[in-house]
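Participant: Got a structure for you, written out below as structure tokens; questions coming shortly.
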Amino acid sequence: MNPFGIAWVQLETFSHATEDIEKVKFLLSKFFSFDIIFMENKTYGHFGNEIIMVKVELTKNKEIKYFISNFLSIVNKDYILETIEKRVDEEGVLFIRMNKERVYEDDFTIDDNGDILLSMKFVTYPKSRERVIENGKFLFRN
């Protein structure tokens, strides 16, 4: 386990048929300082329009550490600290959203209606939402 107690990190968004999938992948790559593998899942909207879900999943400790280090340098940690209790579910997953258009312009402002979803699974023993919140506060204070 990495020093943050994070089991995995997922970053995902979607690419509509009108969007360039390579631009969407480039957009997600802004969060990483190392090479990543994109997973794609094709689905269809209500009117039959193609939508491709694009996801990056990190499970290796070294990758998680590099990601967290980079993420902490680009995001507003104070806002996450202020809202952390509403961002953590009962399973110990922290959720953060951002807007694709803003990220494309290198603006990593948290946007709770955004279409980029970052999920981080914290692990505590025994399992405890309160301890996850404490660990998240420790992470985002540093």
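No value in this document is a laboratory result; all are computed from the given coordinates. Since the structure is predicted, the reported quantities are computational estimates derived from the model, not experimental observations. Neighbour counts are summed over all protein chains in view; Cβ atoms, including those assigned to glycine, are modelled from backbone coordinates with ideal geometry.
Participant: Charges only on Cβ, +1 for Lys and Arg, -1 for Asp and Glu: so what's the dipole of segment 54-120 about the Cα centre, in debye to the nearest 20?
Facilitator: 360 debye
Participant: Follow-up question, since we're still on this one. If r is the Cβ-Cβ distance from residue 20 to residue 125 and R0 is 41 Å, what FRET efficiency results, to the nearest 0.05?
Facilitator: Between residue 20 and residue 125 the formula returns 0.40.
Participant: With +1 on each Lys and Arg Cβ and -1 on each Asp and Glu Cβ, how big is the dipole of the chain about its Cα centre, in debye rounded to the nearest 20?
Facilitator: Taking the Cα centre of the chain as origin, the dipole is about 600 debye.
Participant: So, one more: Amide H to amide H, which residues 5 or more places from residue 111 or on other chains are under 5 Å from it, using H placed in the peptide plane?
Facilitator: HN-HN under 5 Å from residue 111: 97, 98, 99.
Participant: Still on this model: Around residue 8, which amide H atoms from residues at least 5 apart in sequence, or from another chain, sit under 5 Å from its own amide H, with H modelled in the peptide plane?
Facilitator: Residues meeting the criterion, in which the H sits 1.01 Å from N, are 121.
Participant: Run lengths n ≥ 4 of DSSP H only: what is the helix-derived mean residue ellipticity at 222 nm for the chain, with -39500 (n - 2.57) per run over all residues, to the nearest 500?
Facilitator: It lands at -11000 deg cm²/dmol.
Participant: What three numbers, in Å, describe the spread of the alpha carbons of segment 1-60 along their principal axes, ordered from the longest?
Facilitator: Largest first, segment 1-60 extends 46, 20, 13 Å along its Cα principal axes.
Participant: So if R0 is 22 Å, what FRET efficiency would residue 78 and residue 138 give, r being the distance between their Cβ atoms, rounded to the nearest 0.05?
Facilitator: Values: r = 15 Å, r/R0 = 0.66.
The computed FRET efficiency comes out at 0.90.
Participant: What is the Cα centroid distance between segment 14-47 and segment 51-76, reported in whole angstrom?
Facilitator: Between the Cα centre of segment 14-47 and that of segment 51-76, the gap is 15 Å.
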